[in-house]
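Novice: This is the structure I want to talk about, given as C-alpha cells.
The values are calculated or read from the model by the stated rules, or taken from the named source; none is laboratory data. Note that the structure is predicted; figures quoted are calculated from it, not measured. In this analysis, Cβ positions are derived from the backbone assuming ideal geometry, glycine residues included, and neighbour counts consider all displayed protein chains.
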Amino acid sequence: MTRKLVFPLIALVLAIFPAAAQTPTPQRGFKAGYVAMVGSGEVLPERMDDFKKLAKRTAEAVAQNEPGTLVFEFSVQPDGKTVDLLGKH
C-alpha cells in the first residue's frame with residue numbers, strides 16, 4: 001500500500017517543481033545588474049593622435065558624469081589602426 005502512494009507522490013512533487021526551477025540559470029544583462037558593450041573600428045593613421053585625445057576626454061567625461069559606469073576604456077590593437085571600446089554599466 002505504501003508503495004502505491006510513494007510513486008504518485010513523487011510524480012506530484014516532480015510536476016510541481018520542474019527541473020528548470022531547481023537549476024538556477026546564469027544571470028546576464030539587466031538581470032545580472034550590468035550591461036556590457038563592446039565596439040571596434042578603424043582610425044586612419046594620420047588621425048590616431050586626434051582619436052587618442054578625444055578618447056581620453058570621453059573616458060574622463062564618462063568617469064565624472066556617469067557614476068554607474070564600472071569600466072569604460074579604449075584600446076589600440078598592435079596593427080596601429082584598429083581600436084576597441086569596452087564599457088560596462
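Novice: Looking only at segment 72-89, which residues are without any contact (Cβ under 8 Å) to a residue 24 or more places away in the chain and surrounded by 11 or more Cβ atoms within 10 Å (Cβ to Cβ)? Break it down into steps so the answer makes sense when it comes.
Specialist: Initially, segment 72-89 is screened for residues without any contact (Cβ under 8 Å) to a residue 24 or more places away in the chain, giving 72-75, 77-79.
Within segment 72-89, Phe72, Glu73, Phe74, Ser75, Gln77 qualify.
Novice: Mind listing whichever residues of segment 64-89 are of a type in the set (Lys, Arg) and assigned to a strand (DSSP E or B)? Before the answer, list the steps.
Specialist: The first filter runs over segment 64-89 and keeps only residues of a type in the set (Lys, Arg), leaving 81, 88.
The one that is of a type in the set (Lys, Arg) and assigned to a strand (DSSP E or B): Lys88.
Novice: Which of the following residues is modelled with pLDDT of 70 or more and surrounded by fewer than 11 Cβ atoms within 10 Å (Cβ to Cβ): Pro24, Pro67?
Specialist: Answer to the check: Pro67.
Novice: Okay, next question. When you look at Ser40, is it among the polar types (S, T, N, Q) and without any contact (Cβ under 8 Å) to a residue 12 or more places away in the chain, yes or no? Before the answer, list the steps.
Specialist: Numbers: among the polar types (S, T, N, Q): yes; without any contact (Cβ under 8 Å) to a residue 12 or more places away in the chain: no.
When the stated conditions are applied, Ser40 does not pass them.
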